[in-house]
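For reference, the structure discussed in these notes is given below.
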Amino acid sequence: MHEFSTMQGIVNAILEEAKKYNAVEITKVEIEIGELTFLGEEQMKFAFDILKEGTIMEEAEISIEKIRARVRCRTCGYEGGVKYGMKEEFHLSFPLLRCPQCGGEVDIVRGRECTIKNVEMEIENDAVER
């Protein structure tokens, strides 16, 4: 379950940043995760709910935005989304990292992100966004 360890890193980074501002409470966390990270949104939220217990982010809400994958073809110059294949025996779809137009090799432009986008915290009764 790589979602738990990933969220642990996110929570630790937020708490470290909050210390720099002497925050008394963290009220909201917004993150972006790319679809090529294969991080499950529900699993990330579950890990967040566990990891925030007993911290200044105990009452915080989390918002997760999924970032769609984008690729750029080295051969024909296509830039856009990816096609998906299906593994019937596992009931699993997966991205085909080939150009959907010509089948050429592609570079991943977006979709591998895992970013803390915004954190709202309270500092001595003042709301601060960072």
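Below is a table of values for the structure above.
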{"read-out": "Selection from the stretch 1-37 of residues that are aromatic (F, W, Y) and touching a strand residue (DSSP E or B) at 6+ places or on another chain (Cβ under 9 Å)", "value": "Y21"}
{"read-out": "Conditions (1) surrounded by fewer than 17 Cβ atoms within 10 Å (Cβ to Cβ); (2) outside any strand (DSSP E or B); (3) polar (S, T, N, Q); number of the one not met by T6", "value": "(1)"}
{"read-out": "The lone exception for R112 - which of (1) surrounded by 15 or more Cβ atoms within 10 Å (Cβ to Cβ); (2) in contact with a helix residue (DSSP H, G or I) (Cβ under 7 Å, 6 or more places away or on another chain) it fails", "value": "(1)"}
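The numbers here are math on the coordinates, done by the rules we state, and not lab data. Everything numeric in this text was worked out from a predicted model, so none of it was measured. Please note: Cβ atoms are built from the backbone with ideal geometry, for glycine as well, and neighbour counts cover all protein chains shown.
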